[in-house]
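First the structure, in the form of structure tokens, and then the observations on it.
The values are calculated or read from the model by the stated rules, or taken from the named source; none is laboratory data. As the structure is a computational prediction, the values presented were derived from the model and not from experiment. Virtual Cβ from ideal backbone geometry, glycine too; neighbours counted across all protein chains shown.
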Amino acid sequence: MFDIKWIRANTEAFDTALSRRKGITTRSADLLAIDDRRRDIIVRLNEAQEKRNALSKQIGQAKAQKDEAKAAELMAEVARLKDTIPAGEAEERAVELELRNALSVLPNIAFDDVPDGTDEAGNVEYFGRNGSPETAAKVRAPRPSFAFAPKEHYEVGVAANGNMDFEIAAKLSGSRFVVLKGEVARLERALGQFMLDLHTNEHGYLEVQPPLLVKDDALFGTNQLPKFEDDLFFAPHGDGRLALIPTAEVPLTNMVRESILSEEELPLRLTALTPCFRSEAGSAGRDTRGMLRQHQFNKVEMVSITTPETSTDEHERMLTCAETVLQKLGLHYRVMNLCTGDLGFGAKKTYDLEVWLPGQDTYREISSVSVCGDFQARRMDARYRPSGEKQAPRFVHTLNGSGTAVGRCLIAVLENYQQEDGSVLVPDVLQPYMGGLKSIGGR
RNA sequence: GGAGAGGUGGCAGAGUGGUCGAAUGCACCGCACUCGAAAUGCGGCGUGGGGGUGACUCCACCGUGAGUUCGAAUCUCACCCUCUCCGCCA
């Protein structure tokens, strides 16, 4: 969410930046008109309150001096303000809500180095700071070659023979659910454990087990509300409701909401392995086969809370953390710098990791790493106090990234490591998590 | 679910109708003392929003929301949360 004062001081920059965003017609003038009304109301209200306060103080003094006549006279004077103050307060609340509502539906503005574009076709491949296709090729696994036609993940023998069961899942829960069994279930677990261990042991993230049900306020903080309510599952609770988290970004990021951290605590790096729940409204017909797009999936999430000065560096660092997962798994992938048309609501810049799926003969998103600036911090009221000289609190910057989507990573392993006989080789780094198994689904 | 206690500034903790945005302690910052540090002394130190070129000034905020009152941290009501005990339970 934007700072109206900043908009007022930077109308042109704001309008130019916002016009890069798809389908947004709001401009600074619309917002400043609301703010002008707000200020008018505040000025009038404050004057009335000041008068009331001054008179009330005099009443107290008059009563202390036992001057009842004067007190009565003053009370009559205050009485004339009686209606204007509550009315003014109601007006102020209304216009402040109006401004907040107008601001809260506006997407973040993109960094200058985010490419323009209307959809994913406008995304630009990224090879890291000072990177190139050559430097990337040194650390990334090459695209695998097959002596046979590689199958899609749900067709690979070890999965197709009942260990990835969509029929049973449909009986339990309907479409877009899956039941994993046996070695495939274990592989899913191994992937999650591997990623979590990597980020906690080598990347400095703190492991967190957050609630999977959250309040509306938390969802507002990380931009799911008010605009993306349809993507969520809700559970009734008391007179209200709780939402099943669509990503651990929600609880992890909101852990700092309504607080003032000390600068020494930053950067705060949090990670969690959780199920994620998405209703996938509007995705009817997309990716209906296999477990690419499910209502429930596991994901390892990384969240960083930083100072404004360090957030862009942290973004590159977080990208590297996510890439390391795929590098260690020996999976081929590419990184895309998302264009303005594909950028998420709260992001200033996003890198997508797209893993190679030989069965689909295409790249598919497996991780999304975003820097949000102070956009979410304003919504959450999450600040930090700079160290050193006495300084006012400032909003933190927030970042989030998948490290990575476990379900999709399972797909990638099945497709990339499949053998002609339907078995799947276990990547070296996963073998300790698989009791030393080098292959699954073999005879 | 039942009973009781409580929610005040970064933390602890006073404050039960007016001069309280709020004592005191800790933490923090500055200065003094010191070779330096500790200790000590002095001073400073909440957040947000208006107005003013500025010095400055006004308003709001003591869990949240309503209410009583000329005036509410303080009184009333509802709700939320935390803690203790009991019950139930993975």
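In this structure, is A:Thr340 away from RNA strand B (no atom under 16 Å from the Cβ), of a type in the set (S, T, N, Q) and surrounded by fewer than 23 Cβ atoms within 10 Å (Cβ to Cβ)? If you could, list the steps in order and put the result at the bottom.
Numbers: away from RNA strand B (no atom under 16 Å from the Cβ): yes; of a type in the set (S, T, N, Q): yes; surrounded by fewer than 23 Cβ atoms within 10 Å (Cβ to Cβ): yes.
Here the answer is yes, as A:Thr340 does meet what is asked.
Got a sec? Which helices (runs of 4 or more DSSP H) wholly within region A:119-207 have at least 2 residues that are modelled with pLDDT of 95 or more and touching a Ser or Thr at 6+ places or on another chain (Cβ under 8 Å)? It comes to A:182-201. Being more than 24 Å from the chain's Cα centre (by Cα) and closer than 30 Å to A:Glu264 by Cα narrows it down to one residue among A:Ser367, A:Ser402, A:Ser387; which is it? Just one listed residue meets the conditions, A:Ser387.
Against the conditions (1) within 9 Å of RNA strand B (Cβ to nearest atom); (2) at pLDDT 90 or above, where does A:Ser104 fall short? Just the number, please. With (1) within 9 Å of RNA strand B (Cβ to nearest atom); (2) at pLDDT 90 or above applied to A:Ser104, the lone miss is (1). Residue count for region A:357-382 satisfying the condition of being surrounded by fewer than 22 Cβ atoms within 10 Å (Cβ to Cβ) and among the β-branched types (Val, Ile, Thr): 1.
Of A:Leu74, A:Leu55, A:Leu31, A:Leu45, which residue is surrounded by 12 or more Cβ atoms within 10 Å (Cβ to Cβ) and modelled with pLDDT of 95 or more?
Details: A:Leu74 fails: modelled with pLDDT of 95 or more; A:Leu55 fails: modelled with pLDDT of 95 or more; A:Leu45 fails: modelled with pLDDT of 95 or more.
None of the other options fit; the residue is A:Leu31.
Residue check: is A:Gln224 surrounded by fewer than 17 Cβ atoms within 10 Å (Cβ to Cβ), at pLDDT 90 or above and either among the β-branched types (Val, Ile, Thr) or in a loop (DSSP other than H, G, I, E, B) (or both)? No; evaluated as a whole, the condition is false for this residue. On the stretch given as region A:383-416, residues that are crowded, with 24+ Cβ neighbours inside 10 Å and in a strand (DSSP E or B) total 10.
Taking the criterion of being out of contact with any Ser or Thr (no Cβ under 8 Å at 6 or more places or on another chain), at pLDDT 90 or above and away from RNA strand B (no atom under 16 Å from the Cβ), would at least one residue in region A:253-271 satisfy it? No, region A:253-271 contains no residue that is out of contact with any Ser or Thr (no Cβ under 8 Å at 6 or more places or on another chain), at pLDDT 90 or above and away from RNA strand B (no atom under 16 Å from the Cβ). A:Gln49: of a type outside the set (Asp, Glu) and more than 7 Å from RNA strand B (Cβ to nearest atom), yes or no? So A:Gln49 does not fit the description; no. Of the residues making up region A:24-40, those that are touching a Lys or Arg at 6+ places or on another chain (Cβ under 9 Å) and aliphatic (A, V, I, L, M) are A:Leu31, A:Leu32.
Within region A:25-43, the set of residues being more than 9 Å from RNA strand B (Cβ to nearest atom), charged (D, E, K, R) and assigned to a helix (DSSP H, G or I) comprises A:Asp30, A:Arg37.
Evaluation of A:Glu134 against the conditions (1) assigned by TED's automatic domain parsing to the domain that holds A:Ser370; (2) in contact (Cβ under 8 Å) with a residue 24 or more places away in the chain shows that the sole unmet condition is (2).
Every condition in (1) among the β-branched types (Val, Ile, Thr); (2) part of a helix (DSSP H, G or I); (3) surrounded by 17 or more Cβ atoms within 10 Å (Cβ to Cβ) holds for A:Thr320 except the one numbered (3). Taking A:Leu196, is it over 19 Å from A:Thr404 (Cβ atoms) and of a type outside the set (Val, Ile, Thr)? Criteria not met by A:Leu196. For region A:54-69, the criterion of being of a type in the set (A, V, I, L, M) and more than 9 Å from RNA strand B (Cβ to nearest atom) is met by at least one residue. A search for C-beta distances below 7 Å between a residue of region A:43-66 that is without any contact (Cβ under 8 Å) to a residue 60 or more places away in the chain and more than 30 Å from A:Glu96 (Cα to Cα) and any residue that is more than 7 Å from RNA strand B (Cβ to nearest atom) and among the charged types (D, E, K, R), counting only pairs 6+ apart in sequence or on different chains, returns A:Ala62/A:Lys70.
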